[in-house]
Amino acid sequence: MNISSLAKRLVCSLLIVAAPLATAAPAAIPSPPQLSAKAYVLMDAKSGEILVEHNGDERLPPASLTKLMTAYIATLEILKGRIGANDMVTVSENAWRTGGSRMFIQVNTQVSVDDLLHGIIIQSGNDASVAIAEHIAGSEDAFADMMNTTAQRLGLSNTHFMNATGLPHPEHYSSAADMAKLARAIIYEEPEHYAIYAQKEFLWNDIKQPNRNLLLWRDKTVDGLKTGHTEEAGYCLVASAVRDGMRLISVVFGTDSEEARAAETQKLLNYGFRFYETRTFYQKGTELATAQVWKGEQDQVKAGLANDLTLTMPRGRLDKLEAVMNFDGQLIAPIEQGQVIGKVEVKLGEEVVHSTDLIALEAVPEGGLFTRLWDSIRLFFFGLFN
């Protein structure tokens, strides 16, 4: 192999979206709707991109949106095998006496974990929330600690829980952006249990209660998630919908009525679906290229992404993107699987709109003594000419 070909391999760049940029500027989109709410966020579920935001990081009382975390932890405990959906939970007097919205479980009776989940998600039962918290953690206070630990893991930096219900407390708060992140985790980590959020009603103790999310009746594309209301918090709603394969998550805090939270949420969803689109260009683990490796048992390593390359942009702009892959100079063995070996930059014209790490999809062990010596000589001469 001559020095010229070596140089070409070392400065490897690869065009992975080859559509040329249009000469005309992308069509402008209208400003997002101004909602009658204290805070709101619209997120694309797949990419996690925030499309619309107003006071998204403001710490506000979340009311019964809190129960999204309560249900999330319960379903994670099921998935990990620590509790079972059919496990029977004995209702304590503490749970039975909890005020506010209720599932109407009775003290000293036994209720299955699955029924409690339905009571929490559909009926917004405070009694059910305390019962499952006590079952999982022994007490509601201990469960609140689990909630806060989980919030930290999910990156909910403006969230702190004091209870499993959302009943008012000065140190109990969250934000619209944090609730959107939590909803995203529920949707993608717990698809089996997520179906509960779309159910319109649940019957328990001969009392049938409707899901308070009015959009489940008005918009067939909506399939979740949760409402909340206290006098301090106002009327809140976390909702999600899918149209043409694109999923959006909307969060509104502090509207004036049950009707208003549904109407304002509908405005957000309609705007997002009308003016934005999402596309996955490459999936994680897919081989995109190979890179030159020196002093290794093999002289090349497969390169790809640790996560899907998914972007959300105003309609018409995704086809105008180009993405360039650049390797990090000279890659010397040993190379570990998952090691960052470069970057992928996605550009719209000269603007970088997204950047992500390029990783090694396989390990490359260090080569033998002869291989290392020979590659050292080659690199020496390469340096002389470059």
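The values are calculated or read from the model by the stated rules, or taken from the named source; none is laboratory data. Computed from a predicted model, the values in this text were never measured in an experiment. With ideal geometry, Cβ positions are generated from the backbone for all residues, glycine too; neighbour counts draw on all protein chains shown.
Would you say Gln283 is touching a residue at least 12 places away in the same chain (Cβ under 8 Å) and more than 23 Å from the chain's Cα centre (by Cα)? No: the conditions fail for Gln283.
Inside the range 248-272, residues that are buried (at least 19 other Cβ atoms within 10 Å of the Cβ) and within 24 Å of Thr310 (Cα to Cα) make up a count of 8.
Condition (residue is without any contact (Cβ under 8 Å) to a residue 12 or more places away in the chain, part of a loop (DSSP other than H, G, I, E, B) and more than 30 Å from Ile377 (Cα to Cα)) applied to the range 349-356: is it met by at least one residue? Yes, the conditions are met somewhere in the range 349-356.
Residues are listed down the side, and each one gets a yes or a no for (1) modelled with pLDDT under 95; (2) within 22 Å of the chain's Cα centre (by Cα); (3) outside any strand (DSSP E or B); (4) on the phi < 0 side of the Ramachandran plot:
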| residue | (1), (2), (3), (4) |
| --- | --- |
| Ile196 | no, yes, yes, yes |
| Leu237 | no, yes, no, yes |
| Arg279 | yes, yes, no, yes |
| Val293 | yes, no, no, yes |
| Gln298 | yes, no, yes, yes |
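Report yes if Thr356 is of a type outside the set (Gly, Ala, Ser) and at pLDDT 85 or above, otherwise no. Against the criterion (of a type outside the set (Gly, Ala, Ser) and at pLDDT 85 or above), Thr356 qualifies. Taking the range 13-92 and the strands (runs of 3 or more DSSP E) fully enclosed by it, the elements with 1 or more residues that are surrounded by 14 or more Cβ atoms within 10 Å (Cβ to Cβ) and modelled with pLDDT under 95 are at 13-15.
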